[in-house]
Amino acid sequence: MGMRAAIVVGATGLAGSSLVEQLCENDEYVSVTVIARRTPTFKHPKLEVKIRDFDRLEEQDIAFAHELYCCLGTTIKKAGSRKAFEKVDFEYPLAIASLAKNRGIPHFLVITAMGANESSPFYYNRVKGKLEHDLMELGLQQLSIIRPSLLVGERNEFRLGEKVGEKVLKLAKPLLIGPLKRFRAIEASQVAKAMMIIALHGKQQLVTIYPSHELAISAFPETAEEDVSRETLFNWDKVKKADSLHEEEKVNRDVVIDREKYTIHDKVVDKEVHFRPDDKE
């Protein structure tokens with residue numbers, strides 16, 4: 001069993017909620033802390049929930065952890081404006097990463113988007129691209145950027161645009177082969193699983209970007225089967241060493257038997273058996 005601690009922000013979203021559940025069920029983690037604006041429905045003995053206003057987050061709100069997973073994300077429609085959208089998808093993740101750096105958290109993992117690029121013609125991708133750029137400039141100990149395609153799964157809220165996109169990609173999936181495979185929708189639970197695998201077994205380098213098609217095939221390393229051969233079960237070296245002992249080092253081969261109790265006081269061996277004189281008839 002491991003002794004790792006993790007912090008998750010954005011734990012009430014599609015990927016974040018799945019990540020929290022998987023972290024709590026993983027034996028490598030003994031502590032999972034969620035920093036959220038509302039209480040998640042999931043409960044677990046390993047889980048600690050801190051309800052915070054992200055506009056007033058302070059360094060002491062973030063305890064030390066081995067990883068900080070940032071799953072924050074919204075839509076312009078839900079946020080209400082571009083300014084509000086940028087606050088959730090850009091300002092909060094960057095501020096949290098800065099606090100994590102100050103607290104000495106060695107690994108920051110963040111979900112952005114496939115196509116994230118500061119020069120993208122699409123506003124959403126530009127914001128995500130700017131976030132990636134500024135996180136790289138921050139000088140974190142280790143940064144893993146997660147770029148999924150359209151996330152699918154059971155949401156608590158209805159998002160028309162994503163539902164339409166999900167259906168379109170589902171119909172188009174047989175056609176998305178070869179280089180087009182990277183555009184396939186991906187289950188949020190698989191993204192969460194991939195993030196945990198990256199934290200535990202991923203590349204040990206300063207900055208790594210993980211595209212959606214790599215996330216989709218991410219799996220835990222196979223555990224090697226235990227060797228149960230006779231050579232493992234028995235220590236033949238000890239047996240050989242015992243056979244080579246000098247005669248004077250061996251146990252006395254004479255055996256004494258108490259007929260009244262029929263108790264053997266020494267090891268039974270292959271020499272002649274003697275009885276006490278008073279036991280003879």
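The values are calculated or read from the model by the stated rules, or taken from the named source; none is laboratory data. On a predicted model such as this, the values are computed, not experimentally measured, just so you know. Reconstructed Cβ throughout: ideal geometry from the backbone, glycine too, with neighbour counts over all protein chains shown. For the accessible areas, the whole protein counts, side chains as well, though only heavy atoms, and no ligand, DNA or RNA atoms are used. Shrake-Rupley method; radii C 1.70, N 1.55, O 1.52, S 1.80 Å.
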Q: Could you grab me the full set of residues in the stretch 118-145 that are at negative phi and assigned to a loop (DSSP other than H, G, I, E, B)?
A: E118, S119, S120, P121, F122, L140, Q141, Q142
Q: Scan the stretch 36-58 residue by residue and report those that are farther than 15 Å from L19 by Cβ and polar (S, T, N, Q).
A: T39
Q) Under the condition of being out of contact with any Ser or Thr (no Cβ under 9 Å at 6 or more places or on another chain) and among the aromatic types (F, W, Y), which residue from the stretch 87-115 is surrounded by the most Cβ atoms within 10 Å (Cβ to Cβ)? A) Y92
(Q) Kindly evaluate G13 against the criterion of being more than 20 Å from G73 (Cα to Cα) and touching a residue at least 24 places away in the same chain (Cβ under 8 Å). (A) no
Q: Please work out which residue is farthest from V9 (Cα to Cα), limiting yourself to the stretch 61-105 and to residues that are among the aromatic types (F, W, Y) and modelled with pLDDT of 95 or more.
A: F85
Q | Residues that are open to solvent by less than 20 Å² (accessible area, probe 1.4 Å) and among the small types (G, A, S), drawn from the stretch 6-28 | A | A6, G10, A11, A15, G16
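One line per residue, one yes/no per condition, for (1) over 17 Å from the mean Cα position of the chain (by Cα); (2) within 26 Å of H133 (Cβ to Cβ); (3) assigned to a helix (DSSP H, G or I); (4) aliphatic (A, V, I, L, M):
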residue	(1), (2), (3), (4)
R38	yes, no, no, no
F42	yes, no, no, no
Q60	yes, no, yes, no
E91	yes, yes, yes, no
A100	yes, yes, yes, yes
Q.
Any residue at all in the stretch 49-62 that's without any contact (Cβ under 8 Å) to a residue 60 or more places away in the chain, within 22 Å of A113 (Cα to Cα), open to solvent by less than 50 Å² (accessible area, probe 1.4 Å) and touching a strand residue (DSSP E or B) at 6+ places or on another chain (Cβ under 6 Å)?
A. no
Q: Identify all residues within the stretch 181-212 that are closer than 22 Å to G129 by Cβ, modelled with pLDDT under 95 and assigned to a helix (DSSP H, G or I); write none if there are none.
A: R182, F183
Q) Can we say E118 is farther than 29 Å from L150 by Cβ, open to solvent by 70 Å² or more (accessible area, probe 1.4 Å) and not β-branched (V, I, T)? A) no
